[in-house]
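The structure appears right after this line, and notes come after that.
Every number here is computed from the coordinates shown, using simple stated rules; none is lab data. Quick caveat: nothing in here was measured; it's all calculated off a predicted structure. Glycine also receives a Cβ, built like all others from the backbone with ideal geometry; neighbour counts cover every protein chain displayed.
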Ligand code: FEO
C-alpha cells in the first residue's frame, strides 16, 4: 500500500494490521483488525508524527522512502510511548540518528525504559511550538488519555489535530477517511475503543476536551494513530467523546450471564422478556459465547446492567468472575445494576456479583434474585417481574 497524502505534503505512512485479532495482551479483541498510523509532514523541515508497531518497521520505512530519504527527517514526534506507536523507533532512528525526538517528560522516561537508547530528546509542554517552515506544530499534553506520557500534536495552519490514541478505532481498511467507510462499523469500533480503554479515564478526558474547546482551535481534520481519519465531520467523534465522558447513557439494559446447566440462562430470558415488555431496549450476552470487548462496548451506551451466574464454589462461575473483574476496572459511573443466579445447595453467586457491582461504584438498583436448580413456572414469573421492576427503575 502506498503512502496517502491527507493534506498537501502531509502523508499517512502508517501500516494496516489486517490480521490482528487480539490486542493489549489479550485485553481487547480487534475483530476488524487495526492500523498504526504515522504521519510525515514535509516542509522546510521534515517531521514524522508517531511511528508504528515494531514488526512493521520495514513497511513504515519503505513508505517514508517513497517520499523522502529517511535520513532527511529532522524531527520525530512521539505523542505516546506505547510500543504500538513507538516500536519502530529504534529501526527508524538508526536511519536518521540526528533527528530530534519531541515528547513529554514522561515520554522521554518511557522511551528510555523501553529501548535504552540515548536519542536527542526535546521535552515539550502544552503550548510549546515547533516551526517546520510554512507550518508549525503545537503540543498539548494529554496525560492519562490514555497514559501519563500522552500528548496531542496540532498543526494550526492545516487545522489538523494528531491526537494519537484519542478518537481512534481498531479498524483495518484500505480506505483512510471517515467518508469512505461504513459509518455504523466505524462508530461501533470507536465506541468499543472508548469503552474498553478510555472509560475509566472519563473525568480527565472531559476536562481535556473542555480545555481544547475553550482554546477555540479550529479543527477540520482529526488524524488519530489507529484506524480511520475524521475529515467529513470531525465534531461527530468529538461530540461522541463528550457524551461518553459525561457518562451519558440510554434507557437500555445489558444482561450478561454465565450458566452451568441452563438454569441461569432460562432466568435471563424471562428477565429480558419483562424488560422488553416494559418498552425498554435489552440485549442478552452469554459470556462464554460472546466477545467481551463487544459486550463492554454495548455497556457504554446502556444505563442498566443485569449480571447472572450459576453458583460454583459459593461464588460465581470463573468466566463471569473474569468479566466482572474487567468491568470493575472500568468503574462505570451513573449506571445501575442488579444480580441474579441459580444454585444447587448453597447459593453465593448473586451475593458475589453484588459485591463487585458495589466495588465498581455502580448503584445496586434492587436485591438480587436466585433460585434452586431449574426455575419452575412461578419462579420464571418472578424473573419476568424482576425484569419489569428493573426496567421501571431506569
Ligand atoms: Fe495505541 Fe496506547 O497505544
Candidates 377, 210, 248; GNM for the chain (alpha-carbon contacts under 10 Å) flags as most fluctuating 377
In this structure, the FRET efficiency calculated for residue 71 and residue 283 from their beta-carbon separation, with R0 = 45 Å, to the nearest 0.05, is 0.25
Fewest to most Cβ atoms within 10 Å: 24, 146 sort as 24, 146
Ordering 237-244, 271-278, 306-313 by per-residue average of other C-beta atoms within 10 angstrom, highest first, gives 306-313, 271-278, 237-244
quick note, the chain, DSSP beta bridge pairs, % antiparallel (nearest 5) is 40
For the chain, averaging the sequence separation of alpha carbon pairs under 8 Å that lie six or more residues apart and dividing by its residue count, the contact order in percent is 12
Taking only the Cα positions of the range 250-393, the convex hull volume per residue in Å³ is 88
Taking 129-139, 384-394, 337-347 and ranking on average Cβ neighbours within 10 Å, highest first, one gets 337-347, 384-394, 129-139
Rounded to the nearest Å, the spacing of the alpha-carbon centers of the range 350-394 and the range 120-154 is 49
Neighbour-count ranking for 167, 177 (other C-beta within 10 angstrom, fewest to most) reads 177, 167
The chain, Gaussian network, Cα under 10 Å: of 373, 194, 257, the residue fluctuating most is 373
Per residue, the convex hull enclosing the alpha carbons of the chain has a volume in Å³ of 133
Summing -39500 (n - 2.57) over every DSSP H run of at least 4 residues in the chain and dividing by its residue count gives a helix-only mean residue ellipticity at 222 nm, to the nearest 500 deg cm²/dmol, of -10500 deg cm²/dmol
The range 331-394, Kirkwood Rh and Cα Rg, ratio Rg/Rh at 1.00
Assertion target for 199, 261, ordered by fewest C-beta neighbours within 10 angstrom first, is 261, 199
